[in-house]
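Reviewing the structure listed below.
A short reminder: the numbers here are calculations on the coordinates, not readings from a lab. What you are looking at is a predicted structure, and each value in this text was computed from that prediction instead of being measured. Cβ sites come from the backbone with ideal geometry, for glycine too, and all protein chains shown count toward neighbours.
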Amino acid sequence: MSAIPLPMALVAEVTHRCPLRCPYCSNPLEMARASQEVSTEDWSRVFAEAAALGVLHLHLSGGEPMVRADLPDLIRAASTAGLYVNLITSGVTMDEARLAVLIDAGLDHIQLSFQHADAAEGERIGGMRGAQARKLDAARMVKAAGLPLTCNFVIHRQNLHDVASMIALAYDLGAQRVEIAHTQYYGWGLINRGALLPDADELHVATAAVEAGRVLYAGRMAIDYVTPDYHGDQPKSCMDGWARRFIVISPTGNVLPCHAAETIAGINFPNIRDASLADIWLRDPAFQRFRGTDWMPEPCQSCAFKEQDWGGCRCQALALAGDAAATDPVCARSPNHQALQNLIAARPSVAPDFIYRQNAKPNSPD
Amino acid sequence: MTITPDSVPAFPRGIKYRFDAARAVWVLLTPERAMMPDENAQAVLSGIDGERTIAGIVADLADRYQAPTDVIMADVLELLTDLAGRGIITDRNAS
């Protein structure tokens, strides 16, 4: 095994609680309760350890991170440690006083999530009435405070025909960047896959709208496009490779190489209450399990692209091929590739009703 | 934004420039990226404090590296014009 690279970014899922109920939520089906969440003190220690280990960006995520009353303390601890602090929020609980406190604590950037450009459709998808107006207000507050803003739109078969309006809305709100991201099929997204998965024609519509937007807004707003799972012949470099650049920490303190890693049975993930982040990153067997290329089976092992896509996604290999150590079935060289094509072709012709995320007691006290 | 010798470059909110002890390099952090500037860019970026003009920063560099001011000025204007175009620096002296 060659030298272990230093981690670049930490995604801290500080809670699973959320006022929204998006049917593609990446949180696990079994969500952590408030009483199980990592304390302010432990998060603060972890942020200092992360910065010392080489982490540069911290993404505060969830759930809705703003439901944590100690969010300003978390931001201050991270900023003091030298981390670049990005808050990923739905914006529905934002107000001007709260935002001012977060900025004063050292917040660097906000990524604001939207379910649609259209209010009624956005609120149907997110499962929260009145959410859109609050999001629009939140965007205006962020801009008024002079903080850089990224708008994030998650797309799927039920909203991808409106990508052009999403890009236009982000521009009107003053975003420096808009992220158009296809849903991923883990957690709630896997349960709702039939209601979310685009076919090739729909995918083409969304991609064409992104390409047109990039021309229209060139030099004024950056457009990031997260391509969909399942489509394509070469897998995405999931997380840029297992335990190469990213650390994800769950609300209960489990340290993971990706959001969905806990779906892989048979791997015991370490907890920040039991070890230092450096020990975990450098030595924990869960982090070594799929790191680099030694673990790879054929056809990955002899593939010229093995250090580009790092074998694709382990959780997707598990979900589609039944084996986390298999070649990602998106790869045309995978023996499971045709089965995946059949699965896309067999998607229900009419999108079934969403199964909404059930929340982990969003109103329970901190 | 036009960057001139009278410009007062500053890092806007949402941009961080700091030393990363783990890698022993200076890093320029934007919302989505971490850049590691080369030695020449570092010398310029380290002179940015939100108060000095580019002319002041260049004079200091010319003195420190014993190099002609006009050559350094051309390089610094090119670098900072590029960074300003990407929103990584702003000009506090801009009207």
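For chain B, what relative contact order do you get, as a whole percent, if you take Cα pairs closer than 8 Å and at least 6 residues apart?
Values: 124 pairs, mean separation 40.4, N = 95.
Relative contact order here is 43 percent.
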*Cα radius of gyration and Dmax for segment A:67-204 (Å)*: 16.0, 48
*asked:* Just to be sure I understand the model, the point goes 7 Å from the Cα along the line to the Cβ. What's the resulting A:Ala304 to A:Leu216 distance in nm?
replied: 3.8 nm
*Tell me which residues come under 5 Å, amide H to amide H, from A:Trp242 once H is placed; ignore anything under 5 positions away on its chain.*
A:Gly292
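Restricting to DSSP H runs of at least four residues, report the calculated mean residue ellipticity at 222 nm for chain A, -39500 (n - 2.57) per run over all residues, nearest 500 deg cm²/dmol.
Calculated from helices alone, the mean residue ellipticity at 222 nm is -9500 deg cm²/dmol.
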*Across 5 Å bins from the origin, how do the percents of Cα pairs in chain B run, short distances first?*
3, 14, 26, 25, 18, 11, 4, 0
*How big is segment A:1-148 in terms of Cα radius of gyration and Dmax, in angstroms?*
16.0, 52
*Which of A:Met128, A:Ile88, A:Gln316 sits closest to the plus end of the dipole of chain A, meaning its Cα is farthest towards the positive end, when Lys and Arg get +1 and Asp and Glu get -1 on the C-beta?*
A:Met128
*How far is it, in nm, from the label point at A:Ala144 to the one at B:Thr2 when both lie 7 Å from their Cα along the line to the Cβ?*
3.4 nm
*Simple spin-label model, 7 Å along Cα-to-Cβ: A:Asp42 to B:Glu39 in nm?*
4.6 nm
*When A:Lys236, A:Lys143, A:Lys135 are ordered from fewest to most other Cβ atoms inside 10 Å of their Cβ, what list results?*
A:Lys143, A:Lys236, A:Lys135
*Counting partner chain Cβ atoms within 10 Å of every residue's Cβ in A:108-118, what's the average?*
2
*Select from B:Gly47, B:Gly14, B:Gly56 the residue whose mean-square fluctuation is largest in a Gaussian network model of chain B (Cα-Cα springs shorter than 10 Å).*
B:Gly14
*Which of the trypsin sites (Lys or Arg not before Pro) found in segment A:1-106 are in a DSSP loop and have at most 16 neighbouring Cβ atoms, other than their own, within 10 Å?*
A:Arg33
_Among A:Ile167, A:Ile223, A:Ile355: highest mean-square fluctuation, GNM of chain A, C-alpha pairs under 10 Å_ = A:Ile355
*Rounded to the nearest 0.05, what FRET efficiency do A:Asp73 and A:Ala208 give with R0 = 51 Å and r taken as the Cβ-Cβ distance? Could you check?*
0.70
*Might you report the magnitude of the Cβ-based charge dipole of the protein assembly as shown about its Cα centre, with Lys and Arg at +1 and Asp and Glu at -1, to the nearest 20 debye?*
840 debye
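About the Cα centre of chain B, what is the dipole size in debye to 20, counting +1 per Lys and Arg Cβ and -1 per Asp and Glu Cβ, all else neutral?
Details: 9 positive and 14 negative charges, 95 e Å.
Charge dipole, chain B, about its Cα centre: 460 debye, nearest 20.
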*With a Förster radius of 56 Å, plug the Cβ-Cβ distance of A:Ala265 and B:Ala55 into 1/(1 + (r/R0)^6) and report the FRET value to the nearest 0.05.*
0.30
*Using a Förster distance of 22 Å, the FRET efficiency for A:Leu29-A:Asp353 (Cβ separation, nearest 0.05)*: 0.80
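Mind checking B:27-38 for the average number of partner chain beta-carbons within 10 Å of each residue's beta-carbon? Provide the component values of the computation, followed by the final result.
Numbers: counts 5, 0, 7, 7, 14, 10, 4, 5, 0, 0, 0, 0.
Average per residue, whole number: 4.
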_the protein assembly as shown: equivalent-ellipsoid semi-axes (sqrt of 5 x gyration tensor eigenvalues, Cα, Å)_ = 37, 26, 24
